[in-house]
Amino acid sequence: FPPVLQYDKEIRVLATATAECSVPSQRRADLPVTAGEQLDVIDAVQGHAVICRNSQGRYGYVLVEHLNFR
């Protein structure tokens, strides 16, 4: 897969989160997630989304309301 999002900053993991539910991507820049999936949060952006990376190394936007940070 080509990266869904062009991300050229240094990648630092800010937090880890678990997807609360399965969400298909709505836009090309969104990261589709599966319920229970562990994600690395690599950037907080304005609004209600963060940039996450999954275990396959793909990254994209995920809405914070779909994530559990506990």
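Counting the residues of the stretch 14-59 that are within 10 Å of the chain's Cα centre (by Cα), open to solvent by 30 Å² or more (accessible area, probe 1.4 Å) and charged (D, E, K, R) gives 3.
Just a yes or no: is a residue in the stretch 61-70 of a type outside the set (S, T, N, Q), surrounded by 20 or more Cβ atoms within 10 Å (Cβ to Cβ), closer than 20 Å to K9 by Cβ and in contact with a Leu (Cβ under 6 Å, 6 or more places away or on another chain)? Yes, the stretch 61-70 has at least one match. Is it the case that some residue within the stretch 31-43 is touching a Phe, Trp or Tyr at 6+ places or on another chain (Cβ under 7 Å) and charged (D, E, K, R)? No, the stretch 31-43 contains no residue that is touching a Phe, Trp or Tyr at 6+ places or on another chain (Cβ under 7 Å) and charged (D, E, K, R). Residue pairs whose Cβ atoms lie under 8 Å apart, sitting 6 or more positions apart in sequence or on different chains, and linking a residue in the stretch 1-22 that is at pLDDT below 80 to a partner that is open to solvent by less than 70 Å² (accessible area, probe 1.4 Å) and part of a loop (DSSP other than H, G, I, E, B), are F1/R58; P3/R58; V4/S25; V4/A29; V4/L31; V4/R58; L5/A29; L5/L31.
The values are calculated or read from the model by the stated rules, or taken from the named source; none is laboratory data. In this text the structure is predicted, and so the values were computed from the model without any measurement. In this analysis, Cβ positions are derived from the backbone assuming ideal geometry, glycine residues included, and neighbour counts consider all displayed protein chains. These accessible areas exclude ligands, DNA and RNA; they are computed on the full protein's heavy atoms, side chains included. Shrake-Rupley method; radii C 1.70, N 1.55, O 1.52, S 1.80 Å.
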